[in-house]
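Here the structure comes first, spelled out in structure tokens, and everything after it is commentary.
The values are calculated or read from the model by the stated rules, or taken from the named source; none is laboratory data. The structure displayed is predicted, hence computed values, not measured ones. Counting neighbours? That spans all protein chains shown, and the Cβs are built from the backbone with ideal geometry, glycine included.
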Amino acid sequence: MSLKCSPANPKRAAWLDLLGQQGYSLVHDGGHFLQFNPAAGTAWPLDLILVSADTFAKLGHGAREIEFGPVRLGVPSLDHQIALKLHVLKQQVAGRGFKELVDISSLTQANGIDLRSERIRVLCNKFGTCEIYERILAFSG
């Protein structure tokens with residue numbers, strides 16, 4: 001699939017150009033949710049969620065910086081990571097439901113958070129739906 005986009009979104013265009021130059025190919029274009037595959041065997045697949053400057057700033061609150069090779073990256077807080085996963089579930093991105101459920105279950109388990117807690121229920125109500133919350137509970141047993 002060629003890397004084309006509307007000139008009306010220059011940030012989107014910049015990401016598509018940069019990743020194309022790095023050998024990535026766009027395999028799913030969901031508007032604000034893009035999935036890329038690297039050139040054969042050279043790197044990991046990449047999912048990119050395009051958000052507004054306001055949302056990006058909110059994601060920065062509570063983020064922690066890590067070193068990933070020679071690069072310093074901001075990692076969103078646990079609640080923000082779960083919120084992003086809930087957003088993908090709510091958008092019903094093809095082929096992503098099971099992975100997002102696994103990720104939410106793994107994130108909460110690794111951080112000692114009960115999926116039936118008020119914290120998770122509030123996140124689901126804000127960023128997902130009641131049905132998604134029920135799916136998460138059913139999935140995790």
**OP:** Residue by residue through region 29-46, note down the ones that are at pLDDT below 85 and not aromatic (Phe, Trp, Tyr).
**Re:** Gly30, Gly31, His32, Ala39, Ala40, Gly41, Thr42, Ala43
**OP:** State yes or no: is Arg96 farther than 27 Å from Val27 by Cβ, free of Cβ contacts under 8 Å to residues at least 40 places away in the same chain and not assigned by TED's automatic domain parsing to the domain that holds Gly30?
**Re:** no
Original post:
Out of the residues in region 22-39 that are part of a loop (DSSP other than H, G, I, E, B) and over 22 Å from Phe68 (Cβ atoms), which is nearest to the chain's Cα centre (by Cα)?
Top reply: His32
**OP:** Could you tell me which numbered condition Ile66 fails, if it satisfies all but one of (1) assigned by TED's automatic domain parsing to the domain that holds Gly128; (2) β-branched (Val, Ile, Thr); (3) in a strand (DSSP E or B)?
**Re:** (1)
**OP:** Select, from Thr55, Thr129, Thr42, the only residue that is assigned by TED's automatic domain parsing to the domain that holds Lys11, hydroxyl-bearing (Ser, Thr, Tyr) and under 28 Å from Val27 (Cα atoms).
**Re:** Thr42
**OP:** Check whether at least one residue in region 69-85 is free of Cβ contacts under 8 Å to residues at least 40 places away in the same chain, in a strand (DSSP E or B), of a type in the set (D, E, K, R) and loosely packed, with under 15 Cβ neighbours inside 10 Å, and report yes or no.
**Re:** yes
Original post:
Using beta carbons and a limit of 6 Å, which pairs, at least six apart or on different chains, have the first residue in region 104-125 and assigned to a helix (DSSP H, G or I) and the second one of a type in the set (Lys, Arg)?
Top reply: Ile104/Lys85
